[in-house]
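Shown next, in structure tokens, is the structure this report addresses.
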Amino acid sequence: METTENPLRRAFFRLAETGAALSARYHRAQLLETKHLPPAGPVLLVGNHGLWGYETPAFFHLLHRATGRYPQGLAERGFFKIPLVKTLLPWLGGVEGTRDNALAALREGHLVVCYPGGAWETFKKPRHHYTLRWEGTLGFARLAARAQVPIIPFAGYGVDGTFVCPEDERWHVSLAPGEKYRVPLGLGLGPLPLPVRMTFVLGAPLLPPRADASDEQLQHFRERIASRVRHLLVRACHA
């Protein structure tokens with residue numbers, strides 16, 4: 001989120017904004033069906049997360065370019081336990097992903113981005129590319145019901161192809177109990193991401209569940225959104 005209250009914060013934001021624009025250009029990123037984005041008022045965007053979350057700055061850049069609004073992203077709570085990261089993330093519009101924080105952002109009229117798969121999707125293994133790992137996740141459905149704001153499903157394609165994930169066990173790192181993840185490699189086996197094209201597609205807004213919706217109704221709503229995202233992924237793939 002843009003701010004003028006702190007010169008250092010503003011300078012860092014501008015630097016990050018430039019980096020996001022360069023990332024979008026490097027990946028020839030495009031955002032389709034922007035007609036679904038409201039010019040004002042709260043809205044919750046829900047969709048798939050890419051490998052290591054690398055696509056987020058380019059996606060946020062495209063959202064801002066389309067609307068003039070700086071989106072806020074619900075970030076993994078664990079990031080806010082890291083001293084430097086917990087300071088910098090809010091400077092870039094990152095919000096610790098608690099229900100209270102999300103409700104506050106929506107009540108303030110923000111455009112809020114939610115990735116229900118969270119870290120399970122960002123640290124996915126190759127066999128899970130472009131699959132939604134939303135099992136047992138009802139948080140975004142409960143949030144939508146409580147906030148009573150429209151939900152816009154979205155999908156990003158190309159977001160799981162930015163790095164190569166080697167099969168060699170020597171490149172595995174442990175980031176969660178019982179899980180080993182492959183260190184992503186880019187061009188020349190270095191950190192530079194592959195120049196794949198990123199395509200993001202937005203779906204039509206959906207009304208939220210009732211504020212008193214049961215868990216069964218919330219589960220049905222979650223599956224409805226997931227189905228829309230999968231459909232949009234197919235469209236993004238062929239765009």
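The values are calculated or read from the model by the stated rules, or taken from the named source; none is laboratory data. Please read all numbers here as calculations on a predicted model, not as lab measurements. Neighbour counts are summed over all protein chains in view; Cβ atoms, including those assigned to glycine, are modelled from backbone coordinates with ideal geometry.
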Revision key, fill the gap. Apart from one, (1) surrounded by 21 or more Cβ atoms within 10 Å (Cβ to Cβ); (2) touching a Pro at 6+ places or on another chain (Cβ under 7 Å) all hold for E121; the odd one out is (2)
Review point. What helices (runs of 4 or more DSSP H) lie completely within region 1-113 and have 3 or more residues being modelled with pLDDT of 95 or more and in contact with a strand residue (DSSP E or B) (Cβ under 8 Å, 6 or more places away or on another chain)?
Key: 56-67
Check your understanding: Quick one: which of P150, P191, P209, P195 is within 23 Å of E33 (Cα to Cα) and either modelled with pLDDT of 90 or more or exposed (fewer than 13 other Cβ atoms within 10 Å of the Cβ) (or both)?
Key -> P150
Check your understanding: Which residue pairs have Cβ atoms under 7 Å apart, sit 6 or more places apart or on different chains, and have a first residue in region 146-166 that is touching a residue at least 24 places away in the same chain (Cβ under 8 Å) and closer than 23 Å to Q30 by Cβ and a second that is among the β-branched types (V, I, T) and in a loop (DSSP other than H, G, I, E, B)?
Key -> G158/V196; G161/V196; T162/V196
Review point. What number of residues in region 198-231 are touching a strand residue (DSSP E or B) at 6+ places or on another chain (Cβ under 6 Å) and under 9 Å from Y157 (Cβ atoms)?
Key: 3
Review point. Within region 118-140, is even one residue in contact with a Phe, Trp or Tyr (Cβ under 8 Å, 6 or more places away or on another chain), farther than 18 Å from L232 by Cβ and of a type in the set (F, W, Y)?
Key: yes
